[in-house]
Amino acid sequence: MASQQVQPKLVIHGGAGSCLQSKGGIEAVRKSLYDVLEAVYPLLKNGASAVDAVVQGCRLLEDDPRFNAGTGSVVQSDGQIRMSASLMDGLAQRFSGTINVARVQNPIELAQFLQTSDDRVLSDYGAAELLRELQLPIYDPMTDLRLHEWMQERQGNFNKSMATVVAEPASPPLSPLGKGGERGVGTIGVVALDTQGRLAAGTSTGGKGFERIGRVSDSAMPAGNYATGNAAVSCTGIGEHIMDECLAARIVIRVTDGLSLKAAFERSFAEADDRKRDFGAIGIDANGAIAIGKTSEIILGAFHNGTEMGNTLEANKGTLVFVA
């Protein structure tokens, strides 16, 4: 922990995948992301811990039906919504998460509770028992658009491989198509550096949509969400690709081993590009450096560096690492 206060930093994402084809769509997404930054960054500035800021940021993104997490999560092949989320406290180097939980408004809150549990990652049945234990109200995250998507896919025998990045259409609408005719994948994530120099990362998702029942997302694994005292990273994109690369942990470990955050991102994304991966990541290191990387067409990323906000919505297509 730092001996004196440092400038807090905050980075968030709302998914990765397909191209934003209209300025109206970009502005709608930008507003959603900036609203979260404007709500959470003052908490950090006023002394909130990185963990608390990450949980609040994830909660706000989960509550926005524009993103595939919490309210507006995509639907699995049997017509049910199952969500996954994880939280990692970099100072304690403690990971917690929930896998395929249903009927809850904010899966990140379960991950937060599990930070102090002896059993820190729970799957569907255990998460449901925890919901009852905590007496959290039953909540249906289904939106009309997600239900309509599932009905259309059912008619086509679920030929499309994943659901759209944005759950709530903007005007003009966002493009539904990404690489290779696939729809984009969605996740939300938050990484934070607080005034005491502590780091944390949180990631939450509704999955990739129309998947086989029981499929597990990277969002509840260190592959997709990882933090130490040196760096914090949250990933988004095709979960199987993120797992194959063990992306979040790989980047953080490289920083821990002495690479700069920029170099760790550049090496990891160059390797991923060679292997034709499709994903993105956000990160902060203990020095306050910010990085956002992608191999996907876009990453819905935004940051607050203490003096200004910025985003990557209009970044060039293809593999890219943005450093602030």
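The values are calculated or read from the model by the stated rules, or taken from the named source; none is laboratory data. These numbers come from a predicted model, not from an experiment. All Cβ positions, glycine included, derive from the backbone under ideal geometry; neighbour counts span all protein chains shown. Protein only, heavy atoms only, side chains kept; ligands, DNA and RNA dropped before computing areas. Shrake-Rupley method; radii C 1.70, N 1.55, O 1.52, S 1.80 Å.
Would you please give the residues with an amide H less than 5 Å from that of ARG94, counting only those at least 5 places away or on a separate chain, with H modeled from the backbone geometry?
Placed amide hydrogens put ASP89 under 5 Å from ARG94.
Which Cα, out of MET243, SER204, GLY288, lies furthest along the positive dipole direction of region 203-301 (beta carbon charges, K/R +1, D/E -1)?
Farthest towards the positive pole: SER204.
If you build the Cα gyration tensor of region 36-112 and take the root of 5 times each eigenvalue, what three semi-axes come out, in whole angstrom, biggest first?
25, 16, 7
Going by amide H atoms built from the backbone, whose H comes under 5 Å of the H on PHE210, apart from near neighbours?
So PHE210 has HN proximity to VAL75, GLN76, SER77.
Rounded to the nearest 20 Debye, what is the dipole magnitude of the chain about its Cα centre when Lys and Arg each give +1 and Asp and Glu each give -1 at the C-beta?
440 debye
Report, by chain and number, residues whose modeled amide H sits under 5 Å from the one on ALA102, excluding near sequence neighbours (fewer than 5 apart, same chain).
The answer is MET83.
Name the residue from ILE12, LEU122, ALA50 whose Cα lies farthest towards the positive end of the charge dipole of the chain, charges +1 on Cβ of Lys and Arg and -1 on Cβ of Asp and Glu.
It is ILE12, whose Cα lies furthest towards the positive end.
Could you work out what % of the accessible surface of the chain is carbon and sulfur, using a 1.4 angstrom probe and leaving DNA, RNA and ligands out of the count?
Of all accessible area on the chain, carbon and sulfur atoms account for 47 percent.
Can you figure out the FRET efficiency of GLN152 with GLU314, using R₀ = 25 Å and their beta-carbon distance, to the nearest 0.05?
0.25
I'd like the FRET efficiency for ASP78 and ASP273, computed as 1/(1 + (r/R0)^6) with the beta carbon distance as r and R0 of 35 Å, rounded to 0.05.
Calculated value: 0.50.
Averaged per residue, what accessible area in Å² does the chain show with a 1.4 Å probe, protein chains only?
For the chain, the per-residue accessible area is 39 Å².
How are the alpha carbon pair distances in region 196-243 distributed across 10 Å bins from zero to the largest one, expressed in percent?
Each 10 Å bin holds this share of Cα pairs: 27, 47, 19, 7, 1.
What ranking, highest mean first, results for peptides 309-316, 89-96, 193-200, 216-223 when packing means the other Cβ atoms within 10 Å averaged over each residue?
The packing order, highest mean first, is 216-223, 193-200, 89-96, 309-316.
Under a point spin-label approximation (7 Å from Cα along Cα-to-Cβ), what is the ASN287-VAL323 distance to one decimal in nm?
0.8 nm
What ³J(HN,Hα) values, in whole Hz, does the Karplus curve 6.51 cos²θ - 1.76 cosθ + 1.60 give for region 261-266 when θ = phi - 60°, with x put for Gly and Pro?
4, 4, 5, 5, 5, 4
For region 28-133, with only Lys/Arg (+1) and Asp/Glu (-1) charged at the beta-carbon, what is the dipole magnitude about the Cα centre, in debye rounded to 20?
I would put it at about 320 debye.
Report the gain in length on full extension from VAL216 to ASP257: 0.36 nm times residue separation, minus Cα-Cα distance, nm rounded to one decimal.
11.8 nm is the gain from fully extending VAL216 to ASP257.
Between rounded, prolate and oblate, where does region 262-315 land on the alpha carbon gyration tensor, with a ≥ b ≥ c its root eigenvalues, rounded for a/c under 1.5, else prolate if a/b exceeds b/c?
In terms of gyration-tensor shape, oblate.
Compute the length gained on full extension between ARG132 and ASP244: take 0.36 nm times their separation in residues and subtract their Cα-Cα distance, giving the result in nm to one decimal.
Answer, rounded to one decimal: 36.9 nm.
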